[in-house]
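The values are calculated or read from the model by the stated rules, or taken from the named source; none is laboratory data. All values reported here derive from a predicted model rather than from experimental measurement. Neighbour counts run over all protein chains shown; Cβ positions are idealised from the backbone, glycine included. Protein only, heavy atoms only, side chains kept; ligands, DNA and RNA dropped before computing areas. Shrake-Rupley method; radii C 1.70, N 1.55, O 1.52, S 1.80 Å.
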Number of protein chains: 2
Amino acid sequence: MKVQAIESHEQNDVQMEGADGARMRMLIGPNDGAGNFHMRHFEVKPGGYTPHHNHDYEHEILVLEGQGVAKSEQGDRPFSAGDVIFVPANEMHQFQNTGSAPLKFICLIPAPEDCSK
Amino acid sequence: MKVQAIESHEQNDVQMEGADGARMRMLIGPNDGAGNFHMRHFEVKPGGYTPHHNHDYEHEILVLEGQGVAKSEQGDRPFSAGDVIFVPANEMHQFQNTGSAPLKFICLIPAPEDCSK
């Protein structure tokens, strides 16, 4: 069993094209022997955003701090801490920090995947 | 895309033998079309606990509020809000609330599974 604080995980810039001001921590991933799905932590600066894209796997998200807007195929969806977001496979999506404080959320994806996504 | 607050999800008692004072919400599950893994929310009263058991699938956990002890095969592991816990498949585990406030955490499992676990 692993028990480890969020902050003790290494944090790196999200390098994907279309992202700005976003950093990621792999909380539970391949190095933990997690073979089915991975838990990542994202921190987005005020005004920052993740890429506007889609892919063939889903996202399961819990918003921990801050607020923002999710650009979805059904329009803009505001969200804030305590909200749960499910993005089905293949749906276009983007997460923008519209607040004045950091936006923090966890986002889980099936494994194996390119962990930078 | 689904965007929905934790609190707006139905909360039910955990009925499993060996649990006491624990309630669960299915945040992202079969009804959302989540085919790979499910996100559940647990709230455990002070003094309460989840079953001491094991099973052939892993847990990926993020502690949201409160504090407790995880009984693991390596001994008791204290934890608190902001901690990430990975329980590999087949490892014995139990989560006890050792604080004076509710213990709240999310726990993800592969799908399909008996969602009461």
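Residues whose amide H lies under 5 Å from that of A:L27, counting only those 5 or more places away or on a different chain, are A:M39, A:R40, A:H41; hydrogens are built 1.01 Å from N in the peptide plane. Label-point spacing for A:G35 across the identical copies (point 7 Å from Cα in the Cβ direction), in nm and ascending order: 2.1.
Annotation note: GluC sites (Glu not before Pro) in segment B:1-93 located in DSSP loop regions with a Cβ neighbour count of at most 12 within 10 Å are B:E10, B:E17, B:E73. Label zone of A:A101 (point 7 Å out along Cα→Cβ, amide N under 16 Å): in segment B:34-74 this covers B:65.
Ascending distances from the B:Q15 label point to its copies in the other chains, with the point 7 Å along the Cα-to-beta-carbon line: 5.1 nm.
With 28 Å as the limit on Cα-Cα distance, the pairs of A:K71/A:K104; B:K2/B:K104; A:K104/B:K2; A:K45/B:K71; A:K2/B:K45 that go past it are A:K45/B:K71.
Taking amide hydrogens as placed 1.01 Å from N in the peptide plane, the amide H of B:Q94 sits under 5 Å from those of B:K71, each at least 5 positions away in sequence or on another chain.
Per residue, the accessible area of segment B:15-87 comes to 43 Å² when a 1.4 Å probe rolls over the protein heavy atoms.
Chains B and A together bury roughly 3200 Å² of accessible area, counting both sides, with a 1.4 Å probe on protein heavy atoms only. Surface composition of segment A:1-82: carbon and sulfur atoms hold 40% of the protein heavy-atom accessible area at a 1.4 Å probe. Using θ = phi - 60° in the Karplus curve 6.51 cos²θ - 1.76 cosθ + 1.60, the 3J(HN,Hα) couplings for segment B:49-56 round to 7, 8, x, 8, 7, 9, 6, 8 Hz; x is entered for Gly and Pro. Distance between the modelled labels on B:H53 and B:Q4, one decimal in nanometres: 2.5 nm (7 Å Cα→Cβ projection).
Rounded to the nearest Hz, the phi-derived 3J(HN,Hα) couplings of segment B:59-76 under the Karplus curve 6.51 cos²θ - 1.76 cosθ + 1.60 (θ = phi - 60°) are 10, 10, 10, 10, 7, 9, 8, x, 8, x, 10, 9, 7, 10, 6, 9, x, 6, where x marks glycine and proline.
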